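A short reminder: the numbers here are calculations on the coordinates, not readings from a lab. Treat the numbers as computed from the prediction; the structure is a model and nothing was measured. Neighbour counts are summed over all protein chains in view; Cβ atoms, including those assigned to glycine, are modelled from backbone coordinates with ideal geometry.
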Amino acid sequence: MPSVLLVGTPNSGKTALFNRLTGLNQRVANYPGITVDLSVGRLAKLPELDLVDFPGTYSLRPISEEERVAVRHFDTSLADPDMEHVLCVVDATRLEKSLFFCLQVVDACQRQGRPVTVVANMGDILKRHGLSIDAEGLSQAIGAPVMVVSARTGEGLDAIISGLQSPSPTTVPSRTANDNPILVSEGPSADEALYAEAHRLAGEYGAPADALLQAQSRLDRFFLGSLSGGLTFSLIMLILFQSIFTWSAPAMDAVEAGVIGMGGWILPLIGDGIFADFVADAVFSGIGAFLVFVPQIFVLTFVIGLLEDSGYLARAALICHKPLRFFGLSGKSFIPMLSGVACAIPAIYAARSIESPRARFLTYLAIPLMPCSARLPVYTLLIAIFIPRETALGGLIGWQGMTLFAIYVFGMVAGLVIAGLVNRLSPSEGQMPFMMELPAYRIPALVPIARKSLQRAKHFVTKAGAVILGVTVVIWILGYFPNQGVDLGESWLGMMGQWIEPVFQPLGLDWRYGVAIVSAFLAREVFVGTLGTIMGIEGAEDNIVPLVEQVQASALPLGSGLALLVFFAIALQCVSTVAILAREANSWKLALRMVIAYLCLAWAAAWITFQVTGLLV
């Protein structure tokens, strides 16, 4: 199918423009490196054309793995006869930064005889500051049409569609290799010459940067200050984890009340029998226990989205570079590691932006220990069991939120320690210089962030829900038969559990928790659904009881609860993460070694936790 290529530097608003033109909602963030693979969508107003969004890159001479992906696909696409047009997105507020890459793209397109249009994004910001660029003069200078648009407001997008729909012969003179030898030469001197050309063009045709930089500099003096920067970073991270409990609590209570209310309405209509037991135990007790924690996924994604879109995350990476360097990591490792708080899979993809192979390898080691959202239902369940819903400082700080914050810090510290040990014990080729673009501060776009958060929560439910449903059905069948759930210990599941129990008995956990842990190797969040199903079969109540109350009634020891927290914080139990890790690292050997090492470490740390707690409590 005929296609249009969308290329540009990171943080130029390229993916936001893609969303506007196609009506899709790809992930957009205000820091470099967020687009790590190709996205394809039909143009909303030209459905006969596909729009292909490429990973952002600073140059057609790649350094990082992420840039290699972009350049490889770009070269292939230029040779594709179905490719009809190239849109090169530049940041109109930072023209010099974007023109280095733009000049390379324009030259490559002209060599292949492909039409190219330069899209100067962020036009709304220029207008707000009373600034403008000389689009016509720049067009004549670089040999390609230049359009000023705003992906945020939609201004100027109709001109892009018109240009794609009815292309007219351009009067802009093309620049050939003979005219621009710096475009085809290579080496440091060539890059310096091309940067000088970009600097000249930006100074001659771009907007004065002083008015835009003054406000940014004032904010950076605060957010990057030696004292204020560190305190602000710690406060923001604390607010992030506090919000997971405080902001989501009303929605969680509503979901729990809805599940219980629906069960109380539906179950009497079904009557008695096997089907009624299945609906009560598997659907409401199993899947219902999992759904209660979905609002926390939304809140987590929403708060991280605010930090991304505001431009703060790049500053956080800069703040973290010095301490991360001590462990052999890079400041760029911070973004994949924080992404791992949502999910390890996109975090592993995001590690492509790390130029140093050594730092990228160490980041791979740390990412599985980041407290991902799949662990969140397990953490929340255990915290709700042992930590009361009490607050301090006038309700600003909740003990449950503080506990979750401590668990997340534990996972992050564990990842850093392991990366540091491996870095110290194995040979190193040295660290590459750290360079990162600091994007402009912006007011977050709340509606797109909320929409993305809803999609993330929905994706979490559909992806995990399918696995949980399958596991729940199997667990229910094994636990219900052959005695119709009269004695769970004598069921098929109970018999299997006896084989598993010796492994987890040293942690103070019986076979029920052992079965739930083993089922969680498909996906960590399955633990909650499996345990809910087991507790539902075992319970004698006719009504549906929240899982928290059921576990509390079972008198789970504090040491065992803490051991479970530690085990889930360290163990690498996600099959999808292992597969993606093996593919990105190009090594199944590495992935399997990590699985075995983290499982052994998780069990040992959990055993120590159980023993120490027993001595202290």
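Which pairs, out of Lys97/Lys127; Lys45/Lys127; Lys97/Lys332; Lys322/Lys452, put more than 30 Å between their alpha-carbon atoms? Listed pairs above 30 Å: Lys322/Lys452. For the pair Leu219 and Leu592, the difference between a 0.36 nm per residue extended length and the Cα-Cα distance amounts to 129.8 nm.
Take each peptide in 438-445, 601-608, count the other Cβ atoms within 10 Å of every residue, and average; sorted highest first, the result is 601-608, 438-445.
Here the Karplus curve 6.51 cos²θ - 1.76 cosθ + 1.60, taken at θ = phi - 60°, turns the phi angles of segment 507-517 into couplings of 9, x, 10, 8, 5, 4, 6, x, 4, 5, 5 Hz, with x standing for Gly and Pro. Each peptide in 508-514, 224-230 was scored by the mean count of other Cβ atoms within 10 Å over its residues; highest first, the order is 508-514, 224-230. Working ranking of peptides 264-271, 77-84, 406-413 by packing, defined as the average number of other Cβ atoms within 10 Å per residue, highest first, is 406-413, 77-84, 264-271.
For Arg42, the residues whose amide H sits under 5 Å from its own are Leu51, ignoring neighbours fewer than 5 places away on the same chain, with H placed 1.01 Å from N. Computed from label points 7 Å out along Cα-Cβ, the spacing between Arg451 and Glu549 is 4.0 nm. Compared with the direct C-alpha span, the chain from Arg325 to Trp265 gains 15.8 nm at full extension, assuming 0.36 nm per residue.
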